[in-house]
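Below is one structure, written out as structure tokens; comments come after it.
The values are calculated or read from the model by the stated rules, or taken from the named source; none is laboratory data. Since the structure is predicted, the reported quantities are computational estimates derived from the model, not experimental observations. All Cβ positions, glycine included, derive from the backbone under ideal geometry; neighbour counts span all protein chains shown.
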Amino acid sequence: MCRICGSTVGEFFDFGRQPLSDTFPEPDRVDDEFFFRLAVGICESCAMVQLLEEVPRDRMFHDGYPYHSSGSARMREHFAGTARRFLREELTADDPFIVEIGSNDGVMLRTIRDAGVRHLGVEPSGGVADLSRAEGIRVVTTFFEEESARRIRAEDGPADVIFAANTICHIPYLDSIFRGVDALLAPGGVFVFEDPYLGDILELNTFDQIYDEHFYLFSVNSVRAAARRFGFDLVDVQRLSVHGGEVRYTIARPGTRPVTAAVEAMIAEERERGMLEHTTFEQFGANVKRICGDLVELLRRLRAEGKRVVGYGATAKSATVTNYCGIGPDLVEVVYDTTPAKHGRVMPGSHIPVRPASGLTETQPDYAILFAWNHEEEIKQKEKAFHDAGGRWITYVPDVRIS
Ligand code: DWN
Ligand code: SAH
């Protein structure tokens, strides 16, 4: 049943039993991993693409949540720019107030703090929330939902901007989110969120964007329908190139802001591209199987030739690739990553060891699969020595290739 409108959800791909994508077990604790059925479908009525099974939120977002948003220079720049735009265009009233849902380690709010503007991060994962607090950012360690939003409104007053990046698509209970936004948002305020775009996922075959935390894969069409259903207008959309292609949605109370032409234009484009037709999703499923087949074939061949293959970037996304395609330590001996919290642990489900990124050039393997393909430019530049010494990158987006 659709989490937004209650209609039937037509399943189009089943990845089978999958682990939590951001839980990296200690090597001797792999027996108590949590698994669920990762399957994805589209609502026959409102076209919202969503998972069929929901993982309880406290299993995913807790004190040990390992993802640190500030780990990428490009993302730090992206969010500094986002904050500057809010400061320039939205936070211009007397004593403005901005709330961020899923503020993580403070990657966006840092710039707001520097400007001396009133702010609050709402972040349930205690570890990353503490990191931002240590930098003087104001954060409450809790889930954003109707109740917490009402509390914030009572204590801090209305928010001129409510922002969320890569977070709203993680939240199945959008009804409660919108009721919370309704309680907290100033009459002329905006609710802005950005998430991976279904159009880009279909075009680039980035099936690894599908994992436990990504409950929804948004399109402009489905977000407009959801906003309307919960009493808001989708007033603007903007494409972003980060994380493999995203859309930033601007939502306001009905009639308070003009709707830009971009909204209708993108919906028309989605219709033309067949983003409402079942055959499009069947084709996507066929592409997923082909890419996995090609990748495993390549890895087996390299293995047979005696080559050393590693992974780079212990991303949440790579949990789907390794576990669905069946890639274990026999094919990829180690995954290198810059996140201290992931070091000495093993990858979810596949149990490939995770080690510090310095190992790439120290051990100089023959090939590295770029699991963090969304940070390709930054990583290839940083790890230039690997390539210069003859190392080669393997990618699987949008097809399996050695570069
Ligand atoms: O939606 C989400 C996004 C924003 O972040 C969350 N559900 C979880 C997480 O997803 P992800 O793990 O797929 O995100 P990234 O940004 O692709 O992860 C990059 C990984 O690669 C991190 O573990 C850090 C690592 N890394 C590295 O080793 N060297 C990253 C860079 C930039 C590097 O140079
Ligand atoms: N905004 C950051 C973090 C994205 S990761 C970025 O774009 O890089 C997703 C974040 O959402 C995690 O830090 C997680 O703890 C948080 N989150 C999940 N459910 C939430 C909720 N209901 N309210 C607030 N944050 C939530």
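Considering each residue of segment 108-131 in turn, none proves to be within 10 Å of ligand 2 (Cβ to nearest atom), in contact (Cβ under 8 Å) with a residue 24 or more places away in the chain and among the charged types (D, E, K, R). Criterion applied to V259, V321, V310 was being of a type in the set (A, V, I, L, M, F, W, C) and either at pLDDT below 95 or under 23 Å from the mean Cα position of the chain (by Cα) (or both), and the one residue passing it is V321. The set of residues from segment 81-101 being surrounded by 13 or more Cβ atoms within 10 Å (Cβ to Cβ), within 21 Å of V140 (Cα to Cα) and either of a type in the set (D, E, K, R) or within 13 Å of ligand 2 (Cβ to nearest atom) (or both) comprises A83, V99, E100, I101. Is it true that some residue in segment 21-41 is more than 27 Å from R355 (Cβ to Cβ) and crowded, with 20+ Cβ neighbours inside 10 Å? Within segment 21-41 (the criterion being more than 27 Å from R355 (Cβ to Cβ) and crowded, with 20+ Cβ neighbours inside 10 Å), the answer is yes, since at least one residue qualifies. Looking only at segment 325-358, residues that are closer than 12 Å to G311 by Cα, within 11 Å of ligand 1 (Cβ to nearest atom) and out of contact with any Pro (no Cβ under 9 Å at 6 or more places or on another chain) come to 3 in all. Inspection of segment 165-177 identifies at least one residue that is surrounded by fewer than 24 Cβ atoms within 10 Å (Cβ to Cβ) and either away from ligand 2 (no atom under 12 Å from the Cβ) or farther than 25 Å from T23 by Cα (or both).
All conditions in (1) over 17 Å from the mean Cα position of the chain (by Cα); (2) not polar (S, T, N, Q); (3) not in a helix (DSSP H, G or I) hold for D22, with the sole exception of (1). Among the residues of segment 382-403, are any part of a loop (DSSP other than H, G, I, E, B), more than 30 Å from H62 (Cβ to Cβ) and modelled with pLDDT under 95? Yes, because at least one residue in segment 382-403 is part of a loop (DSSP other than H, G, I, E, B), more than 30 Å from H62 (Cβ to Cβ) and modelled with pLDDT under 95. G6 fulfils the conditions (1) exposed (fewer than 15 other Cβ atoms within 10 Å of the Cβ); (2) closer than 22 Å to F144 by Cβ except for a single criterion, (2).
Taking every residue in segment 374-397 that is basic (K, R) and pairing it with any residue that is surrounded by 15 or more Cβ atoms within 10 Å (Cβ to Cβ), at least 6 positions away or on another chain, the pairs with Cβ-Cβ distances below 6 Å are R392/Y367. Checked against the criterion of being closer than 18 Å to Q283 by Cα and among the acidic types (D, E), segment 10-22 contains one or more residues that satisfy it.
Taking segment 61-176 and the strands (runs of 3 or more DSSP E) fully enclosed by it, the elements with 3 or more residues that are closer than 18 Å to E194 by Cβ and within 16 Å of ligand 1 (Cβ to nearest atom) are at 159-165. Filtered by the rule that a residue be assigned to a strand (DSSP E or B) and either crowded, with 22+ Cβ neighbours inside 10 Å or modelled with pLDDT under 95 (or both), segment 178-191 gives L185, G189, V190, F191.
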